[in-house]
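Read the structure below first, then the notes.
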Amino acid sequence: MKKVLSMLLVFCLLSTCVAMAEGGFTPGTYTGVGQGRNGEITVEVTLNDSGITDIQVVNSEETPSIGGVAMDSLIAEIVDTQSLAVDAMTGATESSRGLMEAVSNAVTAAGADPELLMKAAVETTKEQVELSADVVIVGAGGAGLTAAVEAARAGASVIVIEAQAFPGGSTGRAGGWLLSAATEEEAAEHGSLTAEQLAEEFEIYGTEYHDRELSEAFMNNLNENRDWIVAEAKEYGYEISRFYDPGFYPLDPADESTMDYTVVYNLMDVTHETLREGDGCWITSTLYEEAKKAGAEFYLDTTATELLSENGAATGIVAVNKNGTTYTVYGKSIILACGGYGANMDLVVKYCGADPENFIYHGAPSNTGFGIVAGESIGARIEHDPSFLYNGNELYNTVGGLVVNGNTEVLDANNQPIPNLYAAGEISCVTVMDPGLFTRGHNIAWDINSGRIAGQVTAARATETEPAA
Ligand SMILES: Cc1cc2nc3c(=O)[nH]c(=O)nc-3n(C[C@H](O)[C@H](O)[C@H](O)COP(=O)(O)OP(=O)(O)OC[C@H]3O[C@@H](n4cnc5c(N)ncnc54)[C@H](O)[C@@H]3O)c2cc1C
């Protein structure tokens, strides 16, 4: 990978202090238990006479794609820094605290004082690092990971910037339902919608910005994209089944008897009665492993704060890591795949009319609408639809943000592509989505569809000698 142009160390680490008191521990392996989000977490901690050499989670009910991944990162950090004074992982606070409690209890069981481990491990750095890649992706949810897999497999160098300590975003928290288009037999037998009928339904019930051409292309690709991700996930042991979900709408608004059933794919043991949060990991875990295997490089715990541009063309992003390092990441193509804005209370009140007092957002806490901020800074066309609030004040996903064309290029106010700038997933769904319909798998289907296109198009640009017109 030809990504690193240069690395500028402005300041070295201000200080790195190791908390472990030397000679304070009795070597051995000790068990400890802590309370996680879904139940008890049991760990086995191995100590030598000066510190922790290994931590194994032997029992845990935490959701693999959220708490499970967070615990893996945290364990590495605890062993690396020899400190329990590490920050809980964003988005998995209860799992993090449960793990730290379990480790602390194991240290107590070893006859040592866990306070020895409570000194701050690493002070923040003032490091500034420049990176570059063919394709720079902001967000490692369903759309960003899909784009990363496609671009890296096609030979592009790929850098993914992710605000959370682990990949997945809202997709990893989702029920994992994936929309599919009915075959003629399924349509006849179950009253399910074909690709053409789905596009028609979206035109009737979608946002006022609905783009029939884009939506039809999306629907026509549904089954190919479904087969792609289902086959990828099978390699990781995920068995995916098909079921028929009772629709929300009559196809003919004047005739209730035309109520549809959509074809949805998800994990084997899930029926339409049990939409379990966290099952979306069949998609995100698979894609994360494949993206890494294909050579994509991930910067986790790193939040994009600014879109860089020159003469109206996107050139890169600025992002800040949890430890204080600032990355300036230049790219031939920038893909904004940073989800919606459900975690940004100001935007939620403004666009969804939510009551801040009782509002509940079920998505990733890092989805603060960076795509909108970045888009506005470069003159992108921004459209909003009042996203659907469940029970009057709960939000799962937003429907508003950037407008893209069929190549996932971000459009400006005159509907012209902004050079080098692409978007995929929830932030770009306003022209194809019906605000209330995530439960039938439309959003994740759009993630895969838009992510694949964005990855393929930007990888093709990487091999061009001249920038695309
Ligand atoms: C509980 C729940 C259940 C759902 N169930 C379904 C379902 O079954 N089927 C369905 O189709 N849809 C479902 N949805 C909706 C669907 O999950 C989302 O719309 C979709 O997954 C969004 O994918 P995405 O890749 O665009 O965003 P995400 O998956 O949210 O990924 C965006 C990523 O960008 C990162 N990010 C954000 N800002 C920054 C920044 N400034 N810098 C760096 N990184 C940043 C975030 O941390 C996140 O990881 C559900 C949503 C929820 C919350």
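The values are calculated or read from the model by the stated rules, or taken from the named source; none is laboratory data. The model shown is predicted, which means the values in this text are computed figures rather than measured ones. No Cβ is skipped: glycine too gets one built from the backbone with ideal geometry, and neighbour counts run over all protein chains shown. With ligands, DNA and RNA removed, areas are computed over all heavy atoms of the protein, side chains included. Shrake-Rupley method; radii C 1.70, N 1.55, O 1.52, S 1.80 Å.
For labels at Ser257 and Glu203 in the simple 7 Å Cα→Cβ model, what's the distance in nm?
2.4
Report Leu300's accessible area, 1.4 Å probe, all protein chains in place, as a number in Å² to the nearest 10.
Around 50 Å² of this residue is reachable by solvent.
List the equivalent ellipsoid semi-axes of segment 338-469 in whole Å, largest first, each obtained as the square root of 5λ for an eigenvalue λ of the Cα gyration tensor.
Value: 28, 15, 11 Å, ordered largest first.
Can you give me the Rg/Rh ratio for the chain, using Cα atoms for both radii and the Kirkwood formula for Rh?
1.00
Could you give the length gained on full extension between Thr26 and Asn311, defined as 0.36 nm per residue of separation minus the Cα-Cα distance, in nm?
96.3 nm
Just order 212-218, 409-415, 397-403 by mean Cβ neighbour count inside 10 Å, highest at the front, would you?
397-403, 212-218, 409-415
Quick check: net charge around Arg440, other residues with Cβ under 11 Å of its Cβ, Lys/Arg +1 and Asp/Glu -1?
-4
With labels modelled as points extended 7 Å from the Cα through the Cβ direction, what inter-label distance (nm, one decimal) is found for Ile382 paired with Glu239?
4.7
Starting from the 7 Å offset along Cα-to-Cβ, what nm value, one decimal, do you get for the label separation of Asn407 and Glu185?
Distance between label points: 4.0 nm.
Expressed as a whole percentage, what fraction of the accessible surface of the chain belongs to carbon and sulfur atoms when a 1.4 Å probe is rolled over the protein heavy atoms?
Here carbon and sulfur together make up 48 percent of the probe-accessible area.
Net charge near Gly142: determine it from the other residues with C-beta under 12 Å of the C-beta of Gly142, scoring Lys and Arg +1 and Asp and Glu -1.
Within the 12 Å Cβ shell, the charges total 0.
Let me check against my output: what whole-number percent is the relative contact order of the chain, with C-alpha pairs under 8 Å and at least 6 apart?
It comes to 18 percent, rounded to a whole number.
Starting from 0.36 nm per residue, how many nanometres of slack lie between Met118 and Asp87 once their C-alpha separation is accounted for?
10.0 nm
Quick one: length gained pulling Glu61 to Asn391 fully straight, 0.36 nm per residue minus the C-alpha distance?
Taking 0.36 nm per residue and subtracting the Cα distance, the gain is 116.0 nm.
Using 1/(1 + (r/R0)^6) with R0 = 56 angstrom and r between the beta carbons of Thr194 and Asp355, what's the FRET efficiency to the nearest 0.05?
Efficiency, from the Cβ-Cβ distance: 0.90.
Add -39500 (n - 2.57) for each DSSP H run of 4 or more in the chain, then divide by its residues: what number comes out at 222 nm, to the nearest 500 deg cm²/dmol?
One gets -9000 deg cm²/dmol as the mean residue ellipticity at 222 nm.
Is the shape of segment 55-94 rounded, prolate or oblate, going by the alpha carbon gyration tensor and its root eigenvalues a ≥ b ≥ c, with a/c under 1.5 for rounded and a/b larger than b/c for prolate?
oblate
Using the Cα gyration tensor of segment 152-277, with a ≥ b ≥ c the square roots of its eigenvalues, what is the shape: rounded (a/c below 1.5), prolate (a/b larger than b/c) or oblate (neither)?
prolate
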